[in-house]
Amino acid sequence: MTMGTQGADHYFSSQPSTPMKRRPLRVVLAGEERNLHTAGGIFSPDGVDKGTIILLNEAPPPATTGNLLDIGCGWGPIALTLALRSPAATVYAVDVNERSIELTQDNAKELGLDNVKASTPEAVPADQRFDTIWSNPPIRVGKAELHSILLMWLPRLAHNGAAYLVVQKNLGSDSLQRWLSAELTEQFPDAGFTVARDSTNKAFRILKVTRTKP
């Protein structure tokens, strides 16, 4: 799976062409200020973007144990928050951008978190299931690629698992909700998938995907 191939400097390129120049980043995660690192060539390198802030503030608490997933981890705000809030769980953070993976790994070490596994999507076992998925999905990779990404990961929800996706209204949150509902029902009729709007906040919506059957 890829997240797009539209030029070397896009955050969804596997290897950004710009030099790796780390710089300090001070942000609030899980209610406390954290001293981390960031770099150019990744998604939202200067801090936590608005959509992610809404997701972190408004999504229900993640599962306290089991396996959790962040799709498109960037420098790690979602994955690190999941790991801080659920220290007994294992958090998988996936991205095609190798710089993002490296930063997430290093930022987890900086916070003393040993329950974060950052990697490319292909490195995650195909039979791995997830109790909670949180994501600010890479909408700008294009509809076909986005659909491919979501259909790779959402069917891996565990029984009674839930995914929360934050999507801008003007980037197609409502149409994505309808498409997900139709596609998951058609492709996985025995899984009991439901797709609903969990909340609305200004320009963003949080979509909730649940799996009610094994």
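The values are calculated or read from the model by the stated rules, or taken from the named source; none is laboratory data. Keep in mind that this is a model prediction, so the values were computed, not measured. Here the Cβ positions follow ideal geometry from the backbone for every residue, glycine too, while neighbour counts run over all protein chains shown.
A few remarks follow.
- Note on the range 167-185: residues that are surrounded by 16 or more Cβ atoms within 10 Å (Cβ to Cβ), assigned to a helix (DSSP H, G or I) and touching a strand residue (DSSP E or B) at 6+ places or on another chain (Cβ under 7 Å) amount to 6.
- Every listed requirement among (1) of a type in the set (Gly, Ala, Ser); (2) closer than 20 Å to THR212 by Cα; (3) surrounded by fewer than 21 Cβ atoms within 10 Å (Cβ to Cβ); (4) in contact (Cβ under 8 Å) with a residue 40 or more places away in the chain is met by ALA191 save one, (4).
- Evaluating ALA126 against the criteria (1) closer than 17 Å to LEU154 by Cβ; (2) surrounded by 17 or more Cβ atoms within 10 Å (Cβ to Cβ); (3) among the hydrophobic types (A, V, I, L, M, F, W, C) leaves one unmet condition, (2).
- Within the range 47-78, tally of residues that are charged (D, E, K, R), in contact with a strand residue (DSSP E or B) (Cβ under 9 Å, 6 or more places away or on another chain) and surrounded by fewer than 24 Cβ atoms within 10 Å (Cβ to Cβ): 2
- Condition check for TRP153: outside any helix (DSSP H, G or I), surrounded by 14 or more Cβ atoms within 10 Å (Cβ to Cβ) and not acidic (Asp, Glu): no
- Applying the condition of being crowded, with 19+ Cβ neighbours inside 10 Å and of a type in the set (Lys, Arg) to the range 194-214 and asking which residue is farthest from ALA144 (Cα to Cα) yields ARG211.
- Selection status of THR81, under 15 Å from the mean Cα position of the chain (by Cα), touching a residue at least 12 places away in the same chain (Cβ under 8 Å) and buried (at least 22 other Cβ atoms within 10 Å of the Cβ): yes
- Output for the range 1-29, where each listed residue is exposed (fewer than 11 other Cβ atoms within 10 Å of the Cβ), in contact with a strand residue (DSSP E or B) (Cβ under 9 Å, 6 or more places away or on another chain) and either of a type in the set (Lys, Arg) or at pLDDT below 70 (or both): ARG23, ARG26
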